[in-house]
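The structure appears below as structure tokens.
The values are calculated or read from the model by the stated rules, or taken from the named source; none is laboratory data. From a predicted model like this one, the values you see are computed outputs, not experimental measurements. Don't worry about glycine lacking a Cβ; one is built from the backbone with ideal geometry, like all the others, and counts go over all protein chains shown.
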Amino acid sequence: MTWTRAMDEKFEMLLAMMKEMKAGQEEMRSGQERLKQEIRSGEEEIKDLIQAHVKSQTQFNVISSTNGWTDLIKVSQLVASLRGSAAEVLQGIPPERLTDQVTIENALESRFGDSHLIQFYRTELKTRRQKPGESLKVLAADVERLMSLAYAECPLDVRESLAAQYFVDAIRDGDTQHSTRLMDAKDLKSALVYSMKYEVARTMSKTCSHVRSMEIEDNRVENEVINFNLYLTGWKNYLTVVLLERGTLLDETRT
């Protein structure tokens, strides 16, 4: 088949379309990465705002209690202390309710309160993974901390069971994680103890294997030395015999 100019033009057009598609895919990937970064930044910003509000609310309660403020003074000071996003909450409260402390606190609670923090802590638990170099003990302590924040309202036995599951999910080493999961621990402490014992046993097993391999290597080297010494002894004996025979021949020649 003869390659025509029309075919050449179609080929060039196809190449151009492929380049455009590739460029579009790259742009989409870049856009997705930017979106992920923006989502992460937004989550961190919200988390910081929530934690700042909780801290501010705690400080306010301590100060008002220490100074013996009346309810009206408390409300006035609370409204005056609000900044940024917290102050924007006041815009959704009817003017006649701005002197009611409970109304203001409920509005702040619905925007920044524990219910929002709980979701963050639960997300942290689900995505928590053992960091490189982090011990199992440190990991378990952090899981326990997050559990007390994320599931404070749950019964103790439920918290313990959930903590064990989240701890196992967070273990970095696949063998340790699988073995601990099969153990089906009912609480965090049991899961931690078993996983630590498993890692110690595996480390000792590797050490023993290494020692055995070294012993085998030492025995091999020792046998080679013995064989070499036997080889040298054999040659020495052979040379001695040869020299003795030559000496005998020389004596016979002299006579």
For the range 148-163, indicate whether the set of residues that are within 27 Å of Gln119 (Cβ to Cβ), touching a residue at least 40 places away in the same chain (Cβ under 8 Å) and surrounded by 15 or more Cβ atoms within 10 Å (Cβ to Cβ) is non-empty.
-> no
How do the pairs read when you match residues in the range 184-207 that are not assigned by the TED database to the domain that holds Ser161 with residues anywhere that are part of a helix (DSSP H, G or I) and surrounded by fewer than 12 Cβ atoms within 10 Å (Cβ to Cβ), using Cβ under 9 Å and keeping only pairs 6 or more apart or on different chains?
-> none
From the set of residues in the range 167-176 that are crowded, with 18+ Cβ neighbours inside 10 Å and either touching a Lys or Arg at 6+ places or on another chain (Cβ under 8 Å) or at pLDDT below 95 (or both), which is nearest to Lys126 (Cα to Cα)?
-> Ala170
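Table: residues versus (1) in contact with a Gly (Cβ under 9 Å, 6 or more places away or on another chain); (2) modelled with pLDDT of 80 or more; (3) surrounded by fewer than 17 Cβ atoms within 10 Å (Cβ to Cβ).
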| site | (1), (2), (3) |
| --- | --- |
| Gln77 | no, no, yes |
| Ala80 | no, no, yes |
| Arg83 | no, no, yes |
| Ile104 | no, no, no |
| Ala107 | yes, no, no |
| Gln130 | no, yes, no |
| Glu134 | no, yes, yes |
| Lys137 | no, yes, yes |
| Asp142 | no, yes, no |
